[in-house]
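Derivation of every value follows stated rules applied to the coordinates shown; laboratory data play no part. Please read these numbers as outputs of a predicted model, since none were measured by experiment. With ideal geometry, Cβ positions are generated from the backbone for all residues, glycine too; neighbour counts draw on all protein chains shown.
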Amino acid sequence: MSFLIMAMCKVSSVHFVQRSPVVGDREMTGRALWQPNTDVYVTDEGLVIKVELAGVRREDLNITIEGHRLRISGERPDGCRAAKFNFLAMEINYGPFENLLEIPSAYDLTLAKASYLNGFLRIDVPQVVVVEAPSKRSKVAVTAK
C-alpha cells in the first residue's frame with residue numbers, strides 16, 4: 001500500500017505586497033503577537049486582502065491606514081479551555097495579533113472597504129485611476145524671484 005503525501009506551502013510574493021515587521025506599542029506590553037493567515041490577490045477591480053480570523057469578533061478588529069501601510073490588529077480571546085489540561089497539539093494562536101502590509105502605490109487605501117463574514121476579513125482596495133496626460137504640448141512659465 002502506498003501513500004501520497006502532499007505538502008501544503010504558503011506562496012508569497014515579496015515583489016508585490018510585503019509584510020512589514022510589527023513594531024509599535026503592543027510589543028512594549030511583553031505579550032506575544034501572532035500574524036493571521038493572509039491571502040492577497042488581484043482582481044479586475046483591484047487588490048483583495050483576505051485574513052483568516054476565526055473566533056475574533058468584528059468589533060474587536062482594528063484596521064488603520066498609515067501612508068501605504070495597512071495595519072490589521074485585534075485579539076483572539078482564549079476562553080474555551082478547561083481549568084486543568086495538557087496539550088497534545090497546539091496550532092491555534094490566541095491573544096493579540098497584528099498584520100502590517102505594505103501596499104503598492106498603484107492602489108488607493110483611502111477607498112478601501114472591509115467586510116467580515118464567517119471568520120474571514122476581506123478588504124477590497126481599488127486600483128488608482130490614472131488620469132491620462134493631456135495630449136497637447138504646453139509650457140510652464142518660469143518666474144523670477
Using a basic spin-label model with each label point 7 Å from the Cα along Cα→Cβ, how many nm lie between residue 71 and residue 45? 2.8
So the FRET efficiency between residue 87 and residue 120, C-beta based with R0 = 30 Å and rounded to 0.05, is 0.70
Write down, largest first, the equivalent ellipsoid semi-axes of segment 51-97 in whole Å, where each equals the square root of 5 times an eigenvalue of the alpha-carbon gyration tensor. 28, 11, 8
Order of 87, 120, 97 under a 10 Å beta carbon neighbour criterion, fewest first: 87, 120, 97
Quick one: if the Förster radius is 25 Å, what FRET efficiency do residue 54 and residue 105 give, using the C-beta to C-beta distance and rounding to 0.05? 0.20
